[in-house]
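The values are calculated or read from the model by the stated rules, or taken from the named source; none is laboratory data. Nothing here was measured: the structure is a model prediction, and the numbers come from that model. All Cβ positions, even for glycine, are placed from backbone atoms using ideal geometry, and neighbour counts span all protein chains on display. Keep in mind that these areas ignore ligands, DNA and RNA; they rest on the heavy atoms of the full protein, side chains included. Shrake-Rupley method; radii C 1.70, N 1.55, O 1.52, S 1.80 Å.
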Amino acid sequence: TLGTQTDYRDGEAQTDPYSPEYVVRSGSVPELLTLATLTWGRRLPAGLAEVEMIERAREKRAWEATLPAMDSASNIEKRRKMMEDMERKEWAFREQEIEKLQEARLEVLKKLLWRQEKNRNELVDKRLDAHWQNHQKAKEEKMKKIQSNTALMLRKLIAKRKNVMGKLERRDIIKEYIDFASQPYAPLSRIGYFPDNHSERYMLKNFYLNTFAGLCELEASLPDSVTQVKIKAPKPKQTITKTGYVKRAGRLEVALAQVHQ
């Protein structure tokens, strides 16, 4: 009731079907011998085309049995007409087979052409998409440049509008110190002021840290516990109890050491 699967595929050990020896009785022609050209893997197992071929062979043998004997001129003429008719039928059948084969090849060619056209269209779409992406990037960069130029021109126009007549105005110190975005609070480097040039004046200056004498005086004022540090070695952890039982923490440390190794 249970199915089993071998370690190897059945196809690796599969052989052709067994064909036993046979002896043909004298005077008889078995129909099975007419199919000796069909072997396993070559038109066997039989399909619809093979069945139709077998049926045509049977009809032809039945037709050959109905041919008249060549013992008189009338029979010979009748036999010739029957053979001509059969030949025309065979040629018509062959033409049909050729047309079927051509139609099958045409279908295969259509599929190949359709697949080729599909691949070409996909490639064209990818190229168009890449071109569109490049144009979009160029467009965005151009828009950013236009926006920055627009902001610059607007600032210039606003500055010109403040002094339309071009009169010289005196500096209003109170107004500048009220506005935290003015030059005293946020000077611009384009007017020749660089805040980082004088950064040393914002640094902490201490006598005890910047001079040797100050360091000596500072060291002398410190207690001995600061200059002479005493380090006590840590005591090993007790992983074994008095009764000889190994604690869980000890077992865990041993396991971690093995994993680390």
Legend entry - Whole-number percent relative contact order across the chain, with pairs defined as alpha carbons under 8 Å at least 6 apart: 3
Inset, instruction - Could you tell me what percent of the accessible area of segment 132-221 is made up of carbon and sulfur, with a 1.4 Å probe and every protein chain present? - result: 60
Legend entry - Integer Hz, Karplus 6.51/-1.76/1.60 couplings in order for segment 57-64, x for Gly and Pro: 5, 5, 5, 5, 5, 5, 5, 5
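Provide the per residue accessible area, probe 1.4 Å, for the chain, rounded to a whole number of square angstrom.
Details: 25860 Å² over 261 residues.
In whole numbers, the chain has 99 Å² accessible per residue.
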Inset, instruction - Select from N206, N134, N121 the residue whose mean-square fluctuation is largest in a Gaussian network model of the chain (Cα-Cα springs shorter than 10 Å). - result: N206
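Compute the longest continuous run of the chain that contains no exposed trypsin sites (Lys or Arg not before Pro); treat a site as exposed when its DSSP state is not H, G, I, E or B and it has at most 13 other Cβ atoms within 10 Å. Show your work: numbers first, answer last.
Values: sites that count: R9, R25, K167, R170, R171, K205, K230, K232, K237, K242, K247.
My reading of the result: 26-166 is the longest stretch.
Between S148 and L38, 0.36 nm times their residue separation minus their Cα-Cα distance comes to what?
Working: separation 110, 0.36 × 110 = 39.60 nm, distance 8.42 nm.
31.2 nm is the gain from fully extending S148 to L38.
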Inset, instruction - Note down the nm distance, to one decimal, between modelled labels 7 Å out along Cα→Cβ at R94 and at K230. - result: 12.0
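Computed FRET efficiency, Cβ-Cβ of R105 and E84, R0 22 Å: what is it to the nearest 0.05?
Numbers: r = 31 Å, r/R0 = 1.43.
Approximately 0.10, to the nearest 0.05.
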Inset, instruction - Would you list the P(r) distribution for segment 28-117, with all Cα-Cα distances sorted into 10 Å bins from 0 and each bin expressed as a whole %? - result: 13, 27, 29, 18, 9, 3, 1
Inset, instruction - Tell me, rounded to the nearest percent, the portion of alpha carbon pairs in segment 98-207 spaced more than 17 Å apart. - result: 81
Legend entry - Computed over segment 95-148, Cα set: Rg, Dmax in Å: 23.2, 78
Legend entry - Built amide H within the under 5 Å cut-off of L44, gap 5+: T39
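Using only C-alpha atoms and all pairs of different ones, pull out the Kirkwood radius for segment 176-232 in Å with one decimal.
Numbers: mean 1/r = 0.0634 Å⁻¹.
Across segment 176-232, the inverse of the average 1/r is 15.8 Å.
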Legend entry - Reported label for calculated Cα Rg over 2.2 N^0.38 Å given (1) 2.92; (2) 1.44; (3) 1.10: (1)
